[in-house]
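What follows is a single structure, written as structure tokens, with notes after it.
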Amino acid sequence: MHQLNQFYINGQWVDPVAGADMLDIVNPATEAVIGTVALGSEADVDRAVAAARAAFPAWSATSREERLALLGKVMELYMARQGDIAQAIHEEIGAPQWLATGRQAPMGLYFMKSAIDALKEIEFSKKIGNTEVVSEAMGVAALITPWNWPIGTVAGKVSSALAAGCTVVHKPSEFAPLDARIFAEILHEAGVPAGVFNMVYGAGPVVGAALASHPEVDVISLTGSTRAGVEVSKAAAPTVKRVLLELGGKSPFLILDDADLPSAVKECVVSVMVNSGQTCVAPTRLLVPRVLHEQAKAIAAAVVAAMPAGDPTREEFKVGSMANRPQFEKVQKLIGLGIEEGVELVAGGAGLPEGVEKGYFVRPTVFASATNDSIVAREEIFGPVLTLIPYDTEDEAVAIANDSPYGLAAYVWSCNPARARRVAGRLRAGMVRINGAQTDPGAPFGGYKQSGNGRELGVYGLHEYLEYKSIAQ
């Protein structure tokens with residue numbers, strides 16, 4: 001049993017200020033309680049922020065070389081414990097072993113390297129005429145991370161903030177505390193100075209709200225739902241701190257009429273079903289030319305049939321469980337509402353997958369013949385659910401793609417690269433991938449509209465933790 005009853009503050013593992021409520025850590029694939037985690041209070045936040053504030057002057061004065069050396073040591077220790085991190089993610093969010101080992105745990109290294117490369121590249125001083133423009137660390141950074149790709153967001157945010165010279169207070173998701181604990185242990189072993197990194201477990205409405213409203217926090221970065229982003233923004237407004245939000249998405253996947261249909265549909269379906277649909281950039285709206293819609297339905301159904309959901313310890317199951325009960329209940333409800341609304345169900349549906357009797361599993365589901373105003377086309381379901389939407393013209397496809405409160409990612413598939421690039425330029429999204437291409441780790445990650453503001457990764461992500469001072473002489 002995992003007993004996470006202490007927080008990491010000022011270089012030490014410490015007890016909560018007052019008696020903390022304990023939350024069960026549940027393996028969502030088995031529904032077994034595998035440990036407990038303490039939930040912090042405002043007093044715990046005050047103590048962590050005070051430690052970060054006290055450590056800021058010395059840390060912000062360190063050289064580029066000193067920060068590079070420390071982050072390099074963190075990466076080295078991370079690699080040594082990558083197996084432990086994968087196992088933690090496998091247990092805490094029900095990720096299949098292949099996914100936890102091959103995608104989830106390596107993402108932390110991927111994002112840390114992005115921060116290190118950015119630190120090597122960034123200019124902290126630039127001359128503009130008679131003025132020197134100096135980039136300085138913003139101050140204390142509060143970082144709130146999610147449960148769906150936990151270690152990637154933890155490592156990415158923390159590495160960028162530290163690289164910029166900020167000190168950190170981290171609140172991991174209470175549904176994914178195990179990998180965050182390991183990362184804190186890695187930072188401690190690497191020799192991160194006391195107070196430079198601090199971690200407090202807790203619920204969003206308590207610890208998250210206290211961080212957002214705290215007058216000694218200079219910048220807050222949240223990856224989570226749009227609802228959570230709104231609440232953080234409201235809480236942060238009175239102190240006028242910088243707010244960085246990486247929020248929800250309902251990303252469109254545009255298959256143009258000249259595309260290789262089987263390849264395109266398979267790419268879309270697999271991208272949605274990986275991590276049980278719990279991916280903010282998942283292409284959950286598949287836009288298909290009306291004349292190809294029936295073929296696309298058949299291909300999608302066949303791909304889903306080869307991706308059954310079940311026991312994440314067994315290789316034959318490609319889709320794991322939902323990460324927690326509230327998410328499981330939300331996804332089941334939205335699937336039911338889609339069926340009630342009369343959207344065509346091609347595969348899956350409500351209820352547990354065949355042969356599954358326990359765990360928060362959802363049947364990989366495909367809806368089709370939908371309009372863009374249907375509930376399954378509007379809501380970010382955040383589960384293994386794909387909706388096919390037919391269209392007649394390229395202009396209509398672009399209009400449907402942009403007709404969403406979100407604008408995180410978009411996807412285009414065409415045998416004509418120039419045409420695909422032209423369509424990509426018309427899409428209101430922060431990231432567009434053409435024909436399955438992956439974005440470079442140095443490119444900015446973030447979205448338009450209700451998908452958030454600010455950017456993560458690379459030099460763009462590092463700049464979010466910097467202030468700019470103009471010195472004329």
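Given 28, 16, 57, which one is more than 30 Å from residue 362 (Cα to Cα) and surrounded by 18 or more Cβ atoms within 10 Å (Cβ to Cβ)?
16
Looking at 92, 174, can you tell me which residue is in contact with a Leu (Cβ under 6 Å, 6 or more places away or on another chain), in a helix (DSSP H, G or I), within 30 Å of residue 322 (Cβ to Cβ) and not hydrophobic (A, V, I, L, M, F, W, C)?
One residue alone meets the criteria, 92.
Restricting attention to segment 92-115, and to residues there that are surrounded by fewer than 24 Cβ atoms within 10 Å (Cβ to Cβ) and not hydrophobic (A, V, I, L, M, F, W, C), which single residue is farthest from residue 152 (Cα to Cα)?
Top of the filtered list is 97.
Just to be sure I understand the filter: pairs with C-beta atoms under 7 Å, separated by 6 or more residues or on different chains, first member in segment 185-210 and crowded, with 23+ Cβ neighbours inside 10 Å, second member acidic (Asp, Glu). Which pairs pass?
200/44; 201/174; 202/174; 210/42
For (1) closer than 18 Å to residue 458 by Cβ; (2) outside any loop (DSSP other than H, G, I, E, B); (3) small (Gly, Ala, Ser), each residue gets a yes or a no:
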| position | (1), (2), (3) |
| --- | --- |
| 67 | yes, yes, no |
| 78 | no, yes, no |
| 88 | no, yes, yes |
| 99 | no, yes, no |
| 105 | no, yes, yes |
| 109 | yes, yes, no |
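Could you give me the residue pairs with C-beta distances under 9 Å whose first residue belongs to segment 446-473 and is under 19 Å from residue 119 (Cβ atoms), whose second residue is of a type in the set (Phe, Trp, Tyr) and part of a loop (DSSP other than H, G, I, E, B) wherever it lies, and which are 6+ apart or on separate chains?
Correct list of pairs: 466/124.
Among the candidates 424, 409, single out the residue that is over 27 Å from residue 137 (Cβ atoms), surrounded by 17 or more Cβ atoms within 10 Å (Cβ to Cβ) and either basic (Lys, Arg) or free of Cβ contacts under 8 Å to residues at least 24 places away in the same chain (or both).
Unique residue meeting the criteria: 424.
Among the numbered conditions (1) surrounded by 22 or more Cβ atoms within 10 Å (Cβ to Cβ); (2) farther than 25 Å from residue 60 by Cα, tell me where residue 214 comes up short.
Failed condition: (2).
Residue by residue through segment 33-78, note down the ones that are in contact with a helix residue (DSSP H, G or I) (Cβ under 6 Å, 6 or more places away or on another chain) and among the acidic types (Asp, Glu).
Passing the criteria: only 42.
For segment 211-322, give me every one of the helices (runs of 4 or more DSSP H) that falls completely inside it and has 1 or more residues that are more than 17 Å from residue 146 (Cα to Cα) and assigned by TED's automatic domain parsing to the domain that holds residue 427.
Because the criterion is at least 1 residues that are more than 17 Å from residue 146 (Cα to Cα) and assigned by TED's automatic domain parsing to the domain that holds residue 427, the helices (runs of 4 or more DSSP H) in segment 211-322 that meet it are 261-273, 293-305.
Which residues, taken from segment 235-250, are within 16 Å of residue 380 (Cα to Cα) and not charged (D, E, K, R)?
Within segment 235-250, 247, 248, 249 qualify.
In this structure, does residue 136 turn out to be closer than 30 Å to residue 42 by Cα, of a type in the set (D, E, K, R) and at pLDDT 95 or above?
So residue 136 fits the description; yes.
State the number of residues belonging to segment 5-42 that are in contact with a Phe, Trp or Tyr (Cβ under 7 Å, 6 or more places away or on another chain) and in a strand (DSSP E or B).
Count: 5.
The values are calculated or read from the model by the stated rules, or taken from the named source; none is laboratory data. Source: prediction; values computed, not measured. Note that each Cβ is placed from the backbone with ideal geometry, even for glycine, and that neighbours are counted across all protein chains shown.
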